[in-house]
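Below is one structure; the comments refer to it alone.
The values are calculated or read from the model by the stated rules, or taken from the named source; none is laboratory data. This structure is a prediction, so every number in the text was calculated from the model and none was measured. Neighbour counts run over all protein chains shown; Cβ positions are idealised from the backbone, glycine included.
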Amino acid sequence: MMVNRAVAFCVKGTHIMLTATAITSLVKNYQAEAPLKILVLIENVYQSDINFIRSIPNLYGRPQISVDFWQPPYEFMKHVSDGVSTGPRLPKMTLWRLFLPYYFSNYDQLAYLDNDTLVTTDINDLFDQLDVKDTLGGVLDYEDATHPEHNRAKEFFLPDTKQYINSGVFVTNVAAYRDLVSSDKMIELINERNYPYGDQSILNIAFYNHIHLLPWRFNLQYGERLLKKYEALAPKRIAEIRGQLNQPGIIHFAANGYFPYPWGKFTAETKWERLWWGTFLDIKQRQLTASN
């Protein structure tokens, strides 16, 4: 039986350049013949950018992939209290991802990717990590995984952080997500208090004890520089992560402010930074060619 799968992105304004780069990496590495839908929730994005991004699958000979653009889940967001804050670093739009399974309930499986990601495997490898009995899959957040002395469970309103995942990449069986946490319950959780990490805190609280931990390679958040920095704190964990650096599935440029993003400086210094710029330049060149 064919499984109906979709990958979702959420973007505002000029970050569409990051989204286009992430989508390009996904499309270039897609090997399956099965159809795939990419869903992009947008606000303040130019129509010309929308038109071009829709063409990306065909530019790479992947007609089985299609890209649809949607308005954000405003019907759900209007129930979020005006007083809710997602913290000084996170815009309120980070909450959009929490409503994706209610908004797109016609899919069997749904994956969410942050815009600052690169996909380096067939995205079906991510979907295939979930068994039919699983609800939500994600990778441990590196900040806590590499700092075992933190023990921030109380700060996160959780009994423990043994399954505390990073919300920049997750995959879910849609019906199970909706059955375990209704949209009303999700809104109730959001409005209950202000959380230290906004959507990430809420996702981990909502699905506590129902999270399937994925291999590190599906959300590689630290490169060798930070792994070396924290090796003394969590040597076993660092060894596990390092063992998967050469077989990445999804690279996530989430270095907690320690290093600038690849697009934030001119010189690409690491392998991952060069990969990001190579992907960006490839799709930009195709866009320039198409506009002639």
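Scanning for something buried (at least 21 other Cβ atoms within 10 Å of the Cβ) and free of Cβ contacts under 8 Å to residues at least 40 places away in the same chain, does segment 180-191 turn up at least one residue? Looking for residues that are buried (at least 21 other Cβ atoms within 10 Å of the Cβ) and free of Cβ contacts under 8 Å to residues at least 40 places away in the same chain, one finds at least one in segment 180-191, hence yes.
Scan segment 69-77 and give yes if some residue there is more than 27 Å from VAL181 (Cβ to Cβ) and either crowded, with 21+ Cβ neighbours inside 10 Å or free of Cβ contacts under 8 Å to residues at least 40 places away in the same chain (or both), otherwise no.
Looking only at segment 69-77, we keep the residues that are more than 27 Å from VAL181 (Cβ to Cβ), and these are none.
For segment 69-77, residues more than 27 Å from VAL181 (Cβ to Cβ) and either crowded, with 21+ Cβ neighbours inside 10 Å or free of Cβ contacts under 8 Å to residues at least 40 places away in the same chain (or both): absent.
Here ASP199 fulfils each of the conditions (1) in contact with a Lys or Arg (Cβ under 7 Å, 6 or more places away or on another chain); (2) assigned to a loop (DSSP other than H, G, I, E, B) apart from (2).
Quickly run through segment 44-68 and pick out the residues that are without any contact (Cβ under 8 Å) to a residue 12 or more places away in the chain and hydroxyl-bearing (Ser, Thr, Tyr).
SER48
For ARG62, the conditions (1) out of contact with any Leu (no Cβ under 9 Å at 6 or more places or on another chain); (2) of a type in the set (Lys, Arg); (3) under 21 Å from LEU126 (Cα atoms) are fulfilled apart from (1).
Just one of the listed residues (ASP122, ASP134, ASP82) is more than 24 Å from ASN246 (Cβ to Cβ), over 12 Å from the mean Cα position of the chain (by Cα), modelled with pLDDT of 95 or more and part of a loop (DSSP other than H, G, I, E, B), namely ASP134.
Inspection of segment 26-46 finds no residue satisfying the criterion of being of a type in the set (Ser, Thr, Tyr) and part of a helix (DSSP H, G or I).
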